[in-house]
Every structure is written in structure tokens, then in C-alpha cells.
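A.B. asks: This is the structure I want to talk about, given as C-alpha cells.
The values are calculated or read from the model by the stated rules, or taken from the named source; none is laboratory data. Only a predicted model underlies this, so the values are computations on that prediction, with no experimental measurement involved. Cβ placement follows ideal geometry from the backbone for every residue including glycine, while neighbour counts extend to all protein chains displayed.
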Amino acid sequence: MSKAWVLGALRPNPFRRLEIIPGFLRLQYAENRGAAFSLFQNHPGILTAVAMILATAVLVWAVFFLPREERLTRLALGLIFGGAVGNIIDRLRFRYVLDFIEVYWRNVEFPPLIPWPRFNVADSSICIGIAAFFVASLLAARGRPEKPDSIK
């Protein structure tokens, strides 16, 4: 839904910026033809294929091998999978990923504007999912009993 709104509201004028929090957060249409942080921009077909293979592997692992009681891990993988699929749909549909969220801050000293690369809701879902997966892994490791010295 967010990308549909951006296509209608910001794409007709790609130079239009919608300030949400002045000096910190704004929305602006951008086409990301690479991977995270615009890496590998000259290989969109390879990026799409790799993303589809990884997303499918994660889904198969989560459905068939992950125990049901691993709720946080399942949530994390759902966020990662959902975000990946959202960006894959963009790549198949447009041959780029639609990014539009820009976090930045103004600095009186040099440099006057310090931007963060533009991203979208799917990217945020992937990042939150990775963080949740890390927390779930730490919690799982804490819950495992230690091996006796004779087994170490």
C-alpha cells in the first residue's frame, strides 16, 4: 500500500520531497536498481534470482523444519520473507526497487546534510526481522543446558 501511494503521489514529480519531520525524515521517490544501499546496480537479473532462491529457502526451512514453539523465530522469518517478497515484486514489475523513506539530519558543521540511503517499508521489515532473529537465537542459546565437562 505504501508503494502504491508513492507511485501516485511522488512518482509524477520525482524531485518532490514531503517533509515528515523537518531536518530528520522525509519522503521522496527513488529507484534502487541495486541491492541494499544501491550495491550491484549493474546486475538486476542476478539480484532478483538470488533473492528469489533465498526467500524460497527461508520459507521451506520455516515451514518444514522449524518447530512450532519457535514463535519469535517464525515471526522474524515472516518479516524477512515478507520484505524480500515485496522487493522481489518490485524487481519483477519495474526492474528496480521503489525506495522513498529518507532519514537525514542537518549539521551546522561540515557536512551540512548527512543522509542515510533511502529505503522502504519492506527494507524495514527485513531489518526488524533480522534483529528479531538475532534476539531469538540469543534466547535459544541461553535456554539450552550446558554440556557436562566430560562431553566438551
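A.B. asks: In the range 17-53, how many residues are at pLDDT 85 or above, touching a Leu at 6+ places or on another chain (Cβ under 6 Å) and not in a strand (DSSP E or B)?
C.D. replies: Residues in the range 17-53 being at pLDDT 85 or above, touching a Leu at 6+ places or on another chain (Cβ under 6 Å) and not in a strand (DSSP E or B): 0 in total.
A.B. asks: Would a scan of the range 76-98 turn up a residue that is in a strand (DSSP E or B) and surrounded by 12 or more Cβ atoms within 10 Å (Cβ to Cβ)?
C.D. replies: Yes, the conditions are met somewhere in the range 76-98.
A.B. asks: Sort through R71, R93 and tell me the only one that's basic (K, R), within 30 Å of A136 (Cα to Cα) and at pLDDT 85 or above.
C.D. replies: R71 is the lone residue from the list that is basic (K, R), within 30 Å of A136 (Cα to Cα) and at pLDDT 85 or above.
A.B. asks: Surrounded by 13 or more Cβ atoms within 10 Å (Cβ to Cβ) and modelled with pLDDT under 90: is that true of V58 in this structure?
C.D. replies: Here the answer is yes, as V58 does meet what is asked.
A.B. asks: Here's another thing I want to ask about it. Would you check which residues across the range 6-36 are under 19 Å from the mean Cα position of the chain (by Cα) and free of Cβ contacts under 8 Å to residues at least 12 places away in the same chain and list them?
C.D. replies: none
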